[in-house]
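K.L.:
Pasting in a structure now, in structure tokens, and then I'll have a few things to ask.
The values are calculated or read from the model by the stated rules, or taken from the named source; none is laboratory data. Everything numeric here is computed off the predicted structure, so don't read it as measured data. Here Cβ is always computed from backbone atoms with ideal geometry, including for glycine, and neighbour counts include all displayed protein chains. The accessibility values were calculated without ligands, DNA or RNA, using every heavy atom of the protein model including side chains. Shrake-Rupley method; radii C 1.70, N 1.55, O 1.52, S 1.80 Å.
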Amino acid sequence: MSDGHWQLEGSAAELYQRYLVPGITIKWADDLVQRAEVRAGEEVLDVACGTGVVVRLAASKAGSGHVIGLDLNPGMLAVARTVASEGAPITWTEGSALDLPFPSARFDVVLCQLGLQFFPDQPKALREMHRVVRPSGRIALSVYSPIERTLGAYAFVRALDEVLGPEASRIKRGEHSFADPSQLDSLLRDAGFGVVDVQTLVQTIQFPSVLDYVRFQLLATPMTVLLKGRAESERQSIIASVAAKAAAFSTVSMLDGGRFTFPQEAYVAVARPFPNAA
Ligand SMILES: C[S@@+](CC[C@H](N)C(=O)[O-])C[C@H]1O[C@@H](n2cnc3c(N)ncnc32)[C@H](O)[C@@H]1O
């Protein structure tokens with residue numbers, strides 16, 4: 001990808017699916033769907049499904065069941081619809097996590113990967129998930145831990161602030177707004193979940209180069225706003241400058257072999273409405 005084959009064409013959602021899903025979110029999705037123990041015949045909802053990485057993995061387990069992917073962003077859903085899947089049928093739905101368009105107790109499993117931190121009213125979103133999951137069901141969700149605990153992302157935000165000014169990294173830092181696992185635990189209990197298990201987990205992330213990582217962050221996420229309205233030459237120059245500084249903020253082992261490798265940390269929760277749920 002760093003050798004000139006990287007395609008700049010395509011929407012941010014297409015680039016997200018092509019580069020960030022295989023680089024980052026599929027690793028977390030595999031783990032989340034396993035922890036949720038999705039079984040054949042189950043009704044599953046994935047909130048903030050993006051381009052559908054969790055939905056497709058859940059569908060591969062749900063067999064004769066049904067999986068719904070819900071997201072606020074029609075561009076992400078448009079890309080989700082183009083990706084092949086197997087297993088249970090999938091329905092893609094545009095909607096808000098704060099007002100789920102489903103009857104109460106509709107789902108065996110509700111999933112939400114790396115979405116909660118973006119919701120303007122997190123308690124409300126969790127109350128909605130509690131409302132739509134069956135009393136015997138469970139939810140599984142993940143959020144990133146503080147950014148200092150994921151060295152690649154931390155190098156990136158420091159570089160961004162140096163190149164574009166101190167406010168530049170605000171969006172990226174917002175992805176890491178959970179201070180500790182107890183914050184997620186309390187939010188889930190306050191939303192009505194009787195059994196809550198929050199684990200601190202690490203996945204190893206690897207991109208072909210620091211330059212690739214920086215490009216994907218700036219072209220395939222809400223950080224595209226930082227490059228908006230700038231000439232192509234200026235965009236490329238910003239990407240190169242941020243990458244050079246991010247490399248300077250990285251340790252030797254993160255840059256081994258020219259690749260960009262770092263452990264990424266997240267809090268992953270499985271919660272059930274009642275202690276006696278199956
Ligand atoms: C980092 S992406 C994660 C996508 C997907 N879960 C994954 O792991 O690849 C965050 C997603 O949250 C969605 N989102 C943000 N606020 C939302 C809301 N209030 N309701 C539904 N989706 C929302 C965004 O549109 C985006 O697709």
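K.L.:
Taking interchain pairs and intrachain pairs at least six residues apart, which have beta carbon atoms under 6 angstrom, with the first residue in region 123-140 and within 15 Å of the ligand (Cβ to nearest atom) and the second aromatic (Phe, Trp, Tyr)?
P.N.:
The qualifying pairs are Ala125/Phe119; Val132/Phe102; Val132/Phe107.
K.L.:
Another question about this same structure. Name the single residue that is surrounded by the most Cβ atoms within 10 Å (Cβ to Cβ) among those in region 32-60 being touching a Gly at 6+ places or on another chain (Cβ under 7 Å) and in a helix (DSSP H, G or I).
P.N.:
Here is the first cut: in region 32-60, the ones touching a Gly at 6+ places or on another chain (Cβ under 7 Å) are 40-44, 46-49, 52, 55, 59-60.
Restricting the remaining residues to those that are in a helix (DSSP H, G or I) gives 55, 59-60.
Details: Val55: 31, Ala59: 24, Ser60: 15.
Looking at the filtered set, the residue picked out is Val55.
K.L.:
Then there's this: Six or more apart or on different chains, Cβ atoms under 7 Å: show the pairs whose first residue is in region 23-49 and under 26 Å from Thr261 (Cα atoms) and touching a residue at least 12 places away in the same chain (Cβ under 8 Å) and whose second is within 8 Å of the ligand (Cβ to nearest atom) and in a helix (DSSP H, G or I).
P.N.:
Listed pairs, sorted by first residue: Thr25/Val53; Ile26/Val53; Ala29/Val53; Ala29/Val54; Leu32/Val54; Val33/Val54.
K.L.:
Do the conditions hold for Ser104, that is, is it under 25 Å from Val33 (Cβ atoms) and in contact with a Lys or Arg (Cβ under 7 Å, 6 or more places away or on another chain)?
P.N.:
Values: under 25 Å from Val33 (Cβ atoms): yes; in contact with a Lys or Arg (Cβ under 7 Å, 6 or more places away or on another chain): yes.
For Ser104, the condition - under 25 Å from Val33 (Cβ atoms) and in contact with a Lys or Arg (Cβ under 7 Å, 6 or more places away or on another chain) - is met.
K.L.:
Something else: Give region 81-109 a look and list any residue that's under 15 Å from Ala58 (Cβ atoms) and within 13 Å of the ligand (Cβ to nearest atom), or say none.
P.N.:
Val83, Trp92, Thr93
K.L.:
Then there is this: List every residue pair whose Cβ atoms lie under 6 Å apart, where the two residues are 6 or more positions apart in sequence or sit on different chains, the first residue falls within region 76-93 and is under 8 Å from Thr51 (Cα atoms), and the second residue, located anywhere, is within 14 Å of the ligand (Cβ to nearest atom) and in a loop (DSSP other than H, G, I, E, B).
P.N.:
These pairs meet every condition: Met76/Gly50; Met76/Thr51; Val79/Thr51; Ala80/Thr51; Ala80/Gly52.
K.L.:
Something else about it: Name the single residue that is nearest to Arg18 (Cα to Cα) among those in region 61-80 being within 11 Å of the ligand (Cβ to nearest atom) and assigned to a loop (DSSP other than H, G, I, E, B).
P.N.:
Initial filter on region 61-80 (within 11 Å of the ligand (Cβ to nearest atom)): 69-77, 79-80.
Those still in the list that are assigned to a loop (DSSP other than H, G, I, E, B) too: 72-73.
On the way: Leu72: 20, Asn73: 17 Å.
Taking the candidates together, the pick is Asn73.
K.L.:
In region 214-237, which residues are among the β-branched types (Val, Ile, Thr) and either within 16 Å of the ligand (Cβ to nearest atom) or open to solvent by 10 Å² or more (accessible area, probe 1.4 Å) (or both)?
P.N.:
Initially, region 214-237 is screened for residues among the β-branched types (Val, Ile, Thr), giving 214, 221, 224-225.
Within region 214-237, Thr221, Thr224, Val225 meet the criteria.
K.L.:
Output yes when any residue across region 195-204 is open to solvent by less than 60 Å² (accessible area, probe 1.4 Å) and either in a loop (DSSP other than H, G, I, E, B) or closer than 21 Å to Glu14 by Cβ (or both), and no when none is. Working first, answer last.
P.N.:
Of the residues in region 195-204, the ones open to solvent by less than 60 Å² (accessible area, probe 1.4 Å) are 195-196, 198, 201, 203.
Retained after the next criterion (residues that are either in a loop (DSSP other than H, G, I, E, B) or closer than 21 Å to Glu14 by Cβ (or both)): none.
Within region 195-204, none of the residues are open to solvent by less than 60 Å² (accessible area, probe 1.4 Å) and either in a loop (DSSP other than H, G, I, E, B) or closer than 21 Å to Glu14 by Cβ (or both).
K.L.:
For Pro120, all conditions in the list (1) part of a loop (DSSP other than H, G, I, E, B); (2) touching an Asp or Glu at 6+ places or on another chain (Cβ under 9 Å); (3) within 14 Å of the ligand (Cβ to nearest atom) hold save one; what is the number of the exception?
P.N.:
Exception for Pro120: condition (2).
K.L.:
Against the condition more than 19 Å from Gln203 (Cα to Cα) and surrounded by fewer than 20 Cβ atoms within 10 Å (Cβ to Cβ), how does Pro22 come out, does it pass? Steps first, answer last, please.
P.N.:
Details: more than 19 Å from Gln203 (Cα to Cα): no; surrounded by fewer than 20 Cβ atoms within 10 Å (Cβ to Cβ): yes.
So Pro22 fails the test.
K.L.:
Sticking with this one: Looking only at region 13-51, which residues are basic (Lys, Arg) and more than 11 Å from the ligand (Cβ to nearest atom)? Quick ask: steps written out before the conclusion?
P.N.:
Within region 13-51, the first condition is being basic (Lys, Arg), and the residues that meet it are 18, 27, 35, 39.
Those that are basic (Lys, Arg) and more than 11 Å from the ligand (Cβ to nearest atom): Arg18, Arg35, Arg39.
K.L.:
Sticking with this one: Among (1) under 19 Å from the mean Cα position of the chain (by Cα); (2) assigned to a strand (DSSP E or B); (3) within 26 Å of Tyr267 (Cβ to Cβ), which single condition is Thr93 missing?
P.N.:
(3)
K.L.:
Could you tell me whether Ser145 is more than 9 Å from the ligand (Cβ to nearest atom), in contact with a Pro (Cβ under 9 Å, 6 or more places away or on another chain) and under 18 Å from Pro181 (Cα atoms)? Walk me through it before giving the result.
P.N.:
Values: more than 9 Å from the ligand (Cβ to nearest atom): yes; in contact with a Pro (Cβ under 9 Å, 6 or more places away or on another chain): yes; under 18 Å from Pro181 (Cα atoms): yes.
For Ser145, the condition - more than 9 Å from the ligand (Cβ to nearest atom), in contact with a Pro (Cβ under 9 Å, 6 or more places away or on another chain) and under 18 Å from Pro181 (Cα atoms) - is met.
K.L.:
Between Thr261, Thr251, which is in contact with a helix residue (DSSP H, G or I) (Cβ under 8 Å, 6 or more places away or on another chain) and in a strand (DSSP E or B)?
P.N.:
Values: Thr251 fails: in a strand (DSSP E or B).
Exactly one residue qualifies, and that residue is Thr261.
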